[in-house]
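Accompanying notes for the structure given below.
Each reported figure results from applying straightforward, stated rules to the coordinates on display, with no laboratory input. Computed from a prediction, not measured in an experiment: that's the story for all the values here. Here the Cβ positions follow ideal geometry from the backbone for every residue, glycine too, while neighbour counts run over all protein chains shown.
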Amino acid sequence: MTQTQPASRHVPEGLPTHLQHFVDGAPRDSVGGATFEVLDPVSNRTYATASAGRAEDVDAAVAAARRAFSEGPWPTTAPRARARVLNRIADLVEAQDARLAELETFDTGLPITQALGQAQRAAENFRFFADLIVGQTDDAYKVPGRQLNYVNRKPVGVAGLITPWNTPFMLESWKLAPALAAGCTVVLKPAEFTPLSASLWAQIFTEAGLPQGVFNLVNGIGEEAGAALVAHPGTRLISFTGETTTGREIFRAAAPHLKGLSMELGGKSPVVIFDDADLDAALDSSVFGVFSLNGERCTAGSRILVQRSVYDEFVERYAERARNVVVGDPHDPRTEVGALVHPEHHERVLRYVEIGKTEGRLVAGGGRPEHLPEGNYVAPTVFADVPPTARIFQEEIFGPVAALTPFEDEAEAVALANDVQYGLAGYVWTRDLTRGHRVAQAIEAGMVWLNSHNVRDLRTPFGGVKASGLGHEGGHRSIDFYTEEQAVHVTLGEVHTPRFGAGPAGRNR
Ligand code: NAD
């Protein structure tokens with residue numbers, strides 16, 4: 001493993017020491033004054049407190065969002081005018097991308113170059129949905145001369161947005177941009193491990209001209225603030241990204257209210273590499289796929305299935321690359337893997353590494369890197385010969401840990417790929433395109449990349465199947481989620497209604 005040594009812990013200038021909620025256009029503390037501590041993952045020292053929202057804080061935020069929805073002007077603002085605000089938001093995000101990346105890296109431990117890419121992606125999300133809402137068309141169904149039926153699209157109301165700690169700012173933008181584009185008002189509940197970058201939205205939105213009360217933010221613990229948002233009768237929709245177990249909990253809590261739900265959940269995605277593949281490209285992609293974003297990536301290709309005839313050589317090359325991945329100070333632009341988000345998560349990943357040692361053959365990494373005695377570091381870890389029954393094959397680790405497993409033929413590859421509860425992403429590498437499409441289509445996953453690295457066109461559906469999610473976002477699907485399609489039926493010409501109560505004489509008039 002290549003090393004970068006932090007000369008000293010990098011602390012961004014002007015770092016806030018207290019993070020508040022943002023309700024009805026103003027920052028505020030919790031009604032009860034509760035706070036929680038926020039750590040940075042390099043020193044695990046508390047650098048700030050954040051207001052810990054409870055039901056009464058969520059009440060206030062939802063009330064503000066409801067007012068902004070019912071009194072306007074946002075839900076009835078013309079799409080072009082909404083798009084202008086969204087584009088200004090994108091400009092403001094872009095203008096401070098370096099600062100955003102610095103704060104995100106400090107709070108999450110993500111390598112700075114990758115955090116910068118995520119900040120730019122956040123701006124792109126706003127631009128994309130600005131364009132989409134202006135170009136939005138709705139269906140009309142005509143029965144010539146007799147009837148016109150058309151779709152009147154309306155924003156649903158107050159959307160509750162609950163987000164995880166991996167790439168927090170970008171994932172928040174992924175929900176905020178379509179919700180606002182659609183004309184909804186929102187209450188965002190960011191992850192408690194990483195509330196720092198979310199605190200920048202309030203100023204960005206205010207400066208961009210988003211009306212007061214349209215955006216509200218409540219910080220807090222999931223079981224308190226998050227649960228209160230889900231249980232609140234005033235939130236018509238919940239868009240959630242996080243763990244599958246939390247998703248199940250939210251599903252149960254939302255049921256009595258019959259809320260609209262969008263669930264982006266966990267993954268354990270397969271990479272299937274056939275012996276005829278461009279093995280150099282497959283190696284680059286499969287190494288990046290699990291070690292980028294510290295392995296804290298929902299679409300990580302964490303199970304690498306390799307055809308037996310090239311397996312041994314591939315394992316050797318893979319392990320060598322993993323050993324050479326640069327682990328260290330997240331603020332150093334040379335760093336490829338930084339510090340995991342939180343000591344609890346760090347411990348969890350290290351536990352999986354220990355489990356892996358009893359289930360597979362350790363060929364790289366295997367614990368904390370020697371040169372980094374403090375902070376939440378894990379050496380990029382690779383296990384070979386991992387059987388499908390292994391926990392490290394079945395369970396989402398969400399860290400820099402890869403499991404490699406050989407397969408004989410296409411049928412076995414597909415069976416192994418599908419032998420988990422998850423179905424978020426899949427990756428296939430082969431030069432035989434007929435087989436490539438066949439396998440891509442046989443993989444039970446919401447998204448598959450064929451001979452391709454994980455790059456998404458924002459128009460395409462995003463989401464998982466099986467335990468990886470419910471519903472798809474992306475492109476017009478996101479707008480569909482945040483809007484209601486009301487059908488309006490109009491009779492043209494004479495209305496032919498059976499004349500109940502008109503008696504025999506009047507019936508046939
Ligand atoms: P998490 O489920 O622990 O938390 C996610 C959010 O839910 C947080 O804001 C948390 O406070 C909140 N929450 C927790 N309990 C809640 C409850 N009972 N009611 C309401 N809200 C509650 O997930 P995490 O650990 O922050 O994130 C990692 C997980 O997210 C991984 O499983 C990863 O695969 C998944 N993820 C999925 C996608 C995707 O698009 N499919 C994208 C990113 C991350």
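Here are the numbers:
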read-out	value
Cβ-based charge dipole, the chain, positive-most Cα from GLY328, HIS346, VAL58	VAL58
Ranking of CYS298, CYS184 by count of other Cβ atoms within 10 Å, fewest first	CYS298, CYS184
Environment charge of GLU249, counting only residues whose C-beta is closer than 11 Å and scoring Lys/Arg +1, Asp/Glu -1	0
³J(HN,Hα) computed for each position of region 475-491 - Karplus, 6.51 cos²θ - 1.76 cosθ + 1.60, integer Hz, glycine/proline x	x, 5, 5, 5, 5, 4, 5, 8, 10, 10, 9, 8, 8, 10, 10, 10, 8
Sequence of HIS489, HIS257 once ranked by neighbouring C-beta atoms within 10 Å, starting from the fewest	HIS489, HIS257
Principal-axis tilt of helix 112-134 within the chain, Cα atoms, nearest 10 degrees	20
Nonlocal amide H pairs with HIS18, under 5 Å, H built at 1.01 Å	THR49
Per-peptide average of other Cβ atoms within 10 Å, ordering 229-239, 370-380 highest first	229-239, 370-380
Spin-label pair GLU71/ASN87, simplified geometry with 7 Å Cα→Cβ offset, distance in nm	3.0
Extension gain from ALA411 to SER452, taking 0.36 nm per residue of separation minus the Cα-Cα distance	12.6 nm
Whole-Hz couplings from phi, Karplus 6.51/-1.76/1.60, listed for region 333-344; x for Gly and Pro	x, 7, 5, 9, 10, x, 9, 5, 4, 7, x, 5
The chain: angle of helix 168-182 to the longest principal axis, Cα-based, in degrees nearest 10	20
Residues LYS357, LYS259 arranged by fewest to most Cβ contacts within 10 Å	LYS357, LYS259
Nearest-ten-degree value, helix 308-324 long axis tilted from longest Cα axis of the chain	90
Sites matching trypsin sites (Lys or Arg not before Pro) across region 37-69 that sit in DSSP coil, with at most 14 neighbouring C-beta atoms within 10 Å	ARG45
Distance histogram for region 270-450 (every C-alpha pair counted, 5 angstrom bins, percent rounded to whole numbers)	1, 9, 19, 22, 21, 14, 8, 4, 1, 0
Relative contact order [Cα under 8 Å, 6+ residues apart], the chain, whole percent	18
Phi to ³J(HN,Hα) by Karplus 6.51 cos²θ - 1.76 cosθ + 1.60 over region 371-387, Hz, x for Gly, Pro	7, 10, x, 10, x, 8, 8, 9, 5, x, 10, 10, 10, 9, 6, 7, x
Length-normalised contact order of region 13-155 in % [C-alpha pairs under 8 Å, at least 6 apart]	18
Normalised contact order of region 301-385, rounded percent, pairs of Cα under 8 Å and 6 or more residues apart	28
